[in-house]
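The next block holds one structure in the form of structure tokens; read it before the comments.
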Amino acid sequence: MSVADFKTENNTYRKLISSGLSYRIPHFQPDYSWTENEWGDLWADIMGVVQADGEPAHYMGHLVLQSKDNRTFDVIEGQQRLTTLMLITLAALKNLARLIAEKNNPENNQQRMDQIRQTYITYLDPVTLVSRTKLTLNIIKQKI
């Protein structure tokens, strides 16, 4: 009988995703299925954090991760939430790009965009200097 090594932590999204680790949604996971109901609940939680008298951090809920190398993790539980937070981050980047194109505080918005991209979307591998994504979805390529 093998012994499983369980590690539990209470992390914020920023700490989880900005740590230089990468996450992968395995192929056996179901497709993304959140609807407006789940989005609304998550958005209300996020708004509760950004208010002046709000919560100090958003509780991510349970994430179950599996890794062979402690650098790349398969998301076993929590994929919908993690994917939705990534989509919100991408929407923020799109909005910042729009503001830059409209010449609305372009220097500061470019700096914000670069920082968000480096913190939440990609990381630069220090050995290869190749930019890698922090979350890979379970897209299965089909031959046509």
What is the list of residues in region 99-137 whose amide nitrogen lies under 13 Å from a point 7 angstrom out from the Cα of Val50, following Cα to Cβ?
none
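What is region 80-141 by shape, rounded, prolate or oblate, if you read a ≥ b ≥ c off the alpha carbon gyration tensor as root eigenvalues and call it rounded for a/c under 1.5, prolate for a/b larger than b/c, and oblate otherwise?
Because a/c hits 1.5 or more and a/b fails to exceed b/c, region 80-141 counts as oblate.
Rounded to the nearest whole Å², what accessible area per residue is found for region 22-107 with the 1.4 Å probe?
Per-residue value: 67 Å².
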Among residues other than Trp34 whose Cβ falls under 12 Å from its Cβ, what is the net charge (Lys/Arg +1, Asp/Glu -1)?
-3
The percentage of the accessible area of the chain (probe 1.4 Å, all protein chains present) made up of carbon and sulfur atoms, to the nearest whole number, is 55
For the chain, what D do you get in µm² per second when you plug the Kirkwood radius from alpha-carbon pairs into Stokes-Einstein at 25 °C and 0.890 mPa s?
143
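The values are calculated or read from the model by the stated rules, or taken from the named source; none is laboratory data. Everything quoted here is computed from the prediction, not taken from an experiment. A quick note on method: Cβ atoms are made from the backbone with ideal geometry, for glycine too, and the neighbour counts reach across all protein chains shown. For the accessible areas, the whole protein counts, side chains as well, though only heavy atoms, and no ligand, DNA or RNA atoms are used. Shrake-Rupley method; radii C 1.70, N 1.55, O 1.52, S 1.80 Å.
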